[in-house]
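Below is one structure, written out as structure tokens, with a few remarks after it.
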Amino acid sequence: MRFIADLYQADKIFIGICFGHQLIAKALGGKVEKSEKGWGIGIHSSQIVDRQTWMKENVETVDLIVSYQDQISQVPRDTKVLSSNDFVLLV
């Protein structure tokens, strides 16, 4: 968590997926908790909600193999939600 805080203080751009995005959220003052929906297991599709220049232009969804039960319930300030699905919020 200290490394993430150091990256943030140095104004570096970084991204987290799955446990990584939960750790980023917690390190930067967000809130992570168990999903009321229980476990998410299998292949889940997530919609791109904030396209970045490094993303492929014609891709609207990303399919990921998942196994999780925690989610970000409060997004930290100065973060961007890049994609999400009906089960969890991805930052």
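The values are calculated or read from the model by the stated rules, or taken from the named source; none is laboratory data. Being a predicted model, the structure only gives us computed values, none of them experimental. FYI the Cβ positions are ideal-geometry reconstructions off the backbone, even for glycines, and counts take in every protein chain you see.
Structure above, values below:
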{"quantity": "Residue check for Ser35: within 12 Å of the chain's Cα centre (by Cα), surrounded by 14 or more Cβ atoms within 10 Å (Cβ to Cβ) and hydroxyl-bearing (Ser, Thr, Tyr)", "calculated": "no"}
{"quantity": "Qualifying residue in the range 42-65 (condition: in contact with a Ser or Thr (Cβ under 9 Å, 6 or more places away or on another chain) and of a type in the set (Phe, Trp, Tyr))", "calculated": "no"}
{"quantity": "Criterion (among the charged types (D, E, K, R), out of contact with any helix residue (DSSP H, G or I) (no Cβ under 6 Å at 6 or more places or on another chain) and on the phi > 0 side of the Ramachandran plot) met by exactly one of Asp86, Asp63, Asp78, Asp6", "calculated": "Asp78"}
{"quantity": "Tally of residues being modelled with pLDDT under 95 and either β-branched (Val, Ile, Thr) or in contact with a Cys (Cβ under 9 Å, 6 or more places away or on another chain) (or both) across the range 2-23", "calculated": "3"}
{"quantity": "Hits in the range 1-31 - residues which are exposed (fewer than 10 other Cβ atoms within 10 Å of the Cβ) and part of a helix (DSSP H, G or I)", "calculated": "Arg2, Gln9"}
